[in-house]
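Please read the structure below before turning to the comments.
The values are calculated or read from the model by the stated rules, or taken from the named source; none is laboratory data. Everything numeric here is computed off the predicted structure, so don't read it as measured data. Here the Cβ is made from the backbone with ideal geometry for all residues, glycine too, and neighbour counts use every protein chain on show. Side chains are part of the model used for accessible areas, which takes the heavy atoms of the whole protein and leaves out ligands, DNA and RNA. Shrake-Rupley method; radii C 1.70, N 1.55, O 1.52, S 1.80 Å.
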Amino acid sequence: MSSRLVIPELTKRRIRELASQRRRIDKRGLAEFRTVFIERGIIPQADGSALVHIGNTKAIAGIKIDLGQPYPDMPNAGVLAVNVELMPLASPTFEPGPPDERAVEVARIVDRAIREGRMIDLEELVITPGREVYVIFVDTYLVDHDGNMIDACVLASVAALLDATMRKAIVSEGRARLIDERSPLPIRHYPLTATICRIGETLIVDPILEEEETAEARITIGFDEEDRICMIQHSIGMLRYSELYQAINISREAVSRLRKELCKVFPNAG
Amino acid sequence: MSTIEERRLVLPGDLVVEGEGYELGANVYRDGVKIYSQVIGLASIVDNKVSVTALKGVYIPKRGDIVVGIVREVGITRWLIDINSPYQGVLPAVDVIGRKFSTDKIDLKDYLKVGDVIVARVVSFDRTTDAILTVDGKGLGRVDNGRLEYITPTKIPRLIGKKGSMINLIKKESGCNITIGKNGVILIEGPSRELEELVAELVKKIDREAHVPGLTDRVAEILRSSMKGGQV
Amino acid sequence: MSEFTRRDGRKPDELRPIKMKVGVLDKADGSAYVEQGGTKVLVAVYGPREVHPRHLGLPESAIVRCRYHMAPFSTKERKSPTPTRREIELSKVIKEALASTIMLDLYPRTTIDIFVEVLQADGGTRCAGITAASLALAHAGIPMIDLVSACAVGKWNGRIIVDLTGEEDEECEADMPVALMPSLERVTLIQLNGRLTPDEFLEAFNLAVKACKYIGELQKATLRSYYEKIKEEVLYEQ
């Protein structure tokens with residue numbers, strides 16, 4: 001809906017006023033996600049895929065799995081490569097071209113949530129140590145941007161990985177060959193994130209675009225299914241120490257609610 | 001409340017004073033009853049007005065300021081002037097040539113070219129536009145002689161001194177004509193190159209030592225010994 | 001507990017030796033150099049100055065641009081000078097960690113450019129970069145609400161430790177760079193790579209606060225001594 005480049009000051013003022021009364025412009029609770037929709041397997045060509053909506057924000061993730069060489073410094077681990085594209089069709093403010101700093105930041109957040117959250121046991125992806133491993137490409141497209149692109153991209157990427165299967169490998173004469181028999185990925189944990197914005201002195205979860213543009217600070221916190229913190233990215237604005245602690249608690253609750261949505265599609269994810 | 005002129009060195013985030021009834025001057029901000037510095041500088045409280053004189057900072061044009069600028073670009077109807085500021089100066093052609101001129105007959109390069117130095121006055125500026133300059137007035141216009149020296153713009157009050165004491169002392173002892181551009185560019189024109197160099201050295205000294213007490217005395221001493229030593 | 005030792009013999013809450021200097025570059029409006037153990041970072045600040053291209057300028061405030069860059073010789077293996085995704089992300093987070101402390105509305109249509117050059121990398125380069133950049137911004141006379149101090153904390157061999165070396169960083173279970181304004185008690189950057197329980201997070205954050213307080217005092221002493229040294233020299237000459 002929104003194709004505005006500049007959020008009107010009137011709207012921002014309204015959002016600030018409401019926040020000071022602990023209310024929101026779309027009548028949601030402060031710690032409430034918008035309606036979440038998850039659909040798996042939307043791209044049969046891919047080894048795994050998912051489409052997610054968080055309100056009007058939509059992201060598609062596709063997984064492709066190939067054989068390749070491990071990183072020289074990690075001969076005993078498969079390779080995970082995460083790429084995020086902010087598609088020009090998602091917002092009038094996105095331009096075609098190589099990923100800008102926003103896209104790079106989101107990609108690195110998604111990568112860290114998956115990698116540091118130990119979602120995939122990369123050591124299970126080694127075929128010949130130091131020589132041949134599985135390479136998992138996660139390509140995540142933001143296709144409609146109405147705020148909170150980070151949580152949408154993390155959710156889409158995680159769902160696509162849960163949806164993915166990999167072909168089995170047969171090694172003969174030192175070389176691996178993929179056959180048509182498939183197995184699920186070695187999934188160990190289920191990281192998810194919740195993004196929080198501070199407007200005045202009020203913290204809100206899952207900001208819509210107008211809230212994001214009004215916010216003075218933003219922090220994204222990831223948790224695994226055992227409630228361990230597995231990713232933090234606070235890079236915009238200032239937070240009091242007490243607000244940081246509060247953000248940890250709020251995001252933990254929000255993530256556990258988001259997890260229930262994920263479990264509807266992937267019952268193991270909680 | 002009192003008037004304290006303590007000139008204490010403060011840093012960004014340093015508490016300058018705490019209490020009710022103070023007025024905010026330059027380079028400070030308030031958080032509740034606490035007033036903090038936002039720059040490195042010398043804090044003072046005069047008539048309950050709390051301010052910090054910054055030891056470093058850029059020049060922001062102000063209407064009426066005299067500036068020394070350098071022509072950086074010659075246009076068809078105006079010159080763009082480097083005024084040692086984040087904001088550039090614009091000198092309209094009509095200001096130099098007069099009301100009536102035709103752009104196809106006149107080449108502005110014939111009047112001022114890139115690199116030329118001018119003394120100008122700021123006619124208008126509001127941070128949304130460039131600073132509009134004029135050279136119409138006594139002592140304004142192109143400069144063909146002398147030497148330029150630079151000083152941190154925030155330290156110009158030290159160069160001038162109380163009621164002009166410092167600059168008048170330097171002018172009188174050295175015999176140099178000194179134009180202080182509020183933008184931190186100082187034009188020195190004197191009877192000899194040596195005297196111009198001497199004044200330039202003093203400007204640099206004031207820039208470096210603005211926060212050290214006894215500056216006027218040190219400058220006076222240098223002037224006295226140099227002039228006596230026959231460095232003319 | 002007392003058995004616990006780090007590779008370089010430090011205690012869990014012990015920082016590496018830190019050296020700071022401001023005014024190390026002649027042409028820049030502000031500059032600083034910070035050494036924290038083997039990590040060496042040089043920062044230059046230019047501005048507020050005109051934005052090029054001009055359409056990038058904002059009508060109501062200054063913009064901040066930052067380039068965090070690792071010199072090819074800063075690492076054991078030569079690092080290609082082309083910016084990596086990591087450098088692009090760190091440039092952005094360093095910029096954001098500092099921008100919220102600067103009075104940007106005083107200089108509409110201008111830019112403040114921060115160049116962070118890592119000369120030698122041995123852990124905590126973004127934090128040393130932020131510490132140095134805040135010094136350089138102050139030295140440039142740019143109005144800000146407070147200095148920003150930064151330090152990494154992490155979990156290594158099951159213990160929460162401060163100021164990780166490059167080696168500790170590679171081996172650790174979690175590392176968490178933190179930047180804050182110690183006297184105003186505001187966080188401007190926090191990132192976590194790795195896993196921590198909420199209790200471990202609190203312990204780590206409190207350790208970071210303690211470390212940043214100390215670094216903040218060093219920053220203030222460094223800026224003071226820059227001007228006091230001139231004063232001493234002048235008075236000595238007399």
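Counting only residues 5 or more places away or on other chains, whose amide H sits under 5 Å from the amide H of B:Ala26 once H atoms are built in the peptide plane?
Here B:Val52 satisfy the definition.
Determine ³J(HN,Hα), in whole Hz, for all residues of the stretch B:44-52 in sequence, where each value follows from phi through the Karplus function 6.51 cos²θ - 1.76 cosθ + 1.60 and θ = phi - 60°; x replaces Gly and Pro.
Result, ordered by residue: 8, 10, 10, 6, 6, 9, 9, 8, 10 Hz.
State the Kirkwood hydrodynamic radius of the protein assembly as shown in Å, one decimal place, computed from all pairs of distinct Cα atoms.
28.9 Å
Work out how far the C-alpha atoms of the stretch A:182-224 reach from end to end along every principal axis, then list the three figures in whole Å, largest first.
50, 17, 10
Quickly work out the B:Ser124-to-C:Tyr236 label distance, labels modelled 7 Å from Cα along the C-beta direction, and quote it in nm with one decimal.
For the pair C:Tyr236/B:Ser124, the computed spacing is 5.4 nm.
Where does helix A:9-20 land angle-wise versus the long Cα axis of chain A, in degrees 0 to 90, nearest 10?
Roughly 90 degrees, rounded to the nearest 10.
Mind listing the long-range amide H neighbours of C:Arg186? Cut-off is under 5 Å, sequence gap 5 or more, other chains count too, H placed in the peptide plane at 1.01 Å from N.
C:Met181
Explain nothing, just compute: Karplus ³J(HN,Hα) = 6.51 cos²θ - 1.76 cosθ + 1.60, θ = phi - 60°, for every residue of the stretch A:40-50 in order, whole Hz, x for Gly and Pro.
Going residue by residue, I get 9, x, 6, 10, x, 5, 7, 6, x, 7, 7 Hz, with x marking Gly and Pro.
Assuming R0 = 35 Å, what is the FRET efficiency of A:Lys12 and B:Leu169, from their Cβ-Cβ distance, to the nearest 0.05?
Taking R0 as 35 Å, the efficiency between A:Lys12 and B:Leu169 is 0.05.
Relative to the longest principal Cα axis of chain A, at what angle does helix A:101-116 sit, 0 to 90 degrees, rounded to 10?
That works out to roughly 60 degrees.
Per 5 Å bin, what percent of the C-alpha pairs of chain A does each bin hold, from zero upward?
1, 6, 12, 17, 18, 15, 12, 8, 5, 3, 2, 1, 0, 0
Can you give me the long-range amide H partners of A:Glu225? Hydrogens built in the peptide plane at 1.01 Å from N, cutoff under 5 Å, separation of 5 or more residues or another chain.
For A:Glu225, whose amide H was placed from the backbone, the distant partners under 5 Å are A:Tyr190.
Let's test the formula: R0 of 51 Å, r as the Cβ-Cβ distance of C:His55 and A:Arg22. What FRET efficiency results, to the nearest 0.05?
Working: r = 39 Å, r/R0 = 0.77.
Between C:His55 and A:Arg22 the formula returns 0.85.
What fraction of the Cα pairs in the stretch B:8-54, stated in percent, has a spacing above 11 angstrom?
Cα-Cα pairs of the stretch B:8-54 separated by over 11 Å account for 56 percent.
Would you mind getting the Kirkwood hydrodynamic radius of the stretch C:165-238 from its Cα pairs, rounded to one decimal in Å?
14.9 Å
Output the Kirkwood hydrodynamic radius of the stretch A:67-163, Cα pairs only, in Å rounded to one decimal. Please report the intermediate quantities before stating the final value.
Details: mean 1/r = 0.0698 Å⁻¹.
Evaluated over the stretch A:67-163, this radius sits at 14.3 Å.
Would you work out which of A:Ser172, A:Thr220, A:Ile250 lies farthest towards the positive end of the dipole of the stretch A:9-269? Charges go on Cβ: Lys and Arg +1, Asp and Glu -1.
A:Ile250
I'd like the per residue volume of the convex hull spanned by the Cα atoms of the stretch A:122-270, given in cubic angstrom. Let's see the in-between values first.
On the way: hull volume 20.0 nm³, N = 149.
Residue-normalised Cα hull volume stands at 134 Å³.
Based on the alpha-carbon set only, what is the convex hull volume of the stretch C:1-102 divided per residue, in Å³?
About 167 Å³ per residue, rounded to a whole number.
From the P(r) of the stretch C:18-237, can you give the percent of Cα pairs sitting at distances over 27 Å?
Percent of Cα pairs beyond 27 Å in the stretch C:18-237: 32.
Under a plain spin-label model, where a point goes 7 Å from the Cα along Cα-to-Cβ, how far apart in nm are B:Ala220 and A:Ser256?
If labels sit at B:Ala220 and A:Ser256, their model points lie 7.7 nm apart.
Accessible area per residue, 1.4 Å probe, Å², for chain A: what's the number?
Ligands and nucleic acids excluded, the result is 44 Å² per residue.
Just the Cα atoms of chain B, one point each, no solvent: what log10 I(q)/I(0) does Debye give at q = 0.11, 0.14, 0.16, 0.18 Å⁻¹?
-0.68, -0.96, -1.11, -1.24
Which whole-Hz ³J(HN,Hα) couplings does the stretch A:59-72 yield from phi under the Karplus relation 6.51 cos²θ - 1.76 cosθ + 1.60, θ = phi - 60°, glycine and proline marked x?
Computed from phi, the couplings for the stretch A:59-72 are 9, 10, 10, x, 10, 10, 10, 10, 9, x, 8, x, 5, x Hz.
Between helix A:149-163 and chain A, what is the angle of the helix's C-alpha long axis to the longest principal axis, kept within 0 to 90° and rounded to the nearest 10?
It works out to around 30 degrees.
B:Glu173: net charge of surrounding residues, Cβ under 15 Å, Lys/Arg +1, Asp/Glu -1, itself excluded? Please report the intermediate quantities before stating the final value.
Working: positive: B:Lys171, B:Lys172, B:Lys205, B:Arg218, B:Arg224, B:Lys228; negative: B:Glu194, B:Glu196, B:Glu197, B:Glu201, B:Asp217, B:Glu221.
Every neighbour counted, the sum reads 0.
Give the whole-number value, in cubic angstrom per residue, of the convex hull volume spanned by the C-alpha atoms of the stretch C:95-181.
Convex hull volume per residue, Cα atoms: 90 Å³.
Build a GNM of chain B with springs between Cα atoms under 10 Å: which of B:Asp31, B:Asp116, B:Asp65 gets the top mean-square fluctuation?
B:Asp31
Could you tell me what a quarter of the Cα convex hull surface of the stretch B:66-143 works out to, in nm² with one decimal place? Spell out each step's value before the answer.
Numbers: hull surface 19.9 nm².
With every direction weighted equally, the projected area is 5.0 nm².
For the stretch A:9-269, compute the number of Lys pairs whose alpha carbons are separated by less than 26 Å, excluding pairs fewer than 8 positions apart on the same chain.
9
Using helices alone, what [θ] at 222 nm do you get for the protein assembly as shown, with -39,500 (n - 2.57) per DSSP H run of 4 or more residues, divided over all residues and rounded to the nearest 500?
Value at 222 nm, helices only, nearest 500: -9000 deg cm²/dmol.
Want the number for A:Asp100 to A:Tyr245: 0.36 nm per residue separation, take away the alpha-carbon distance, what's left?
Answer, rounded to one decimal: 49.1 nm.
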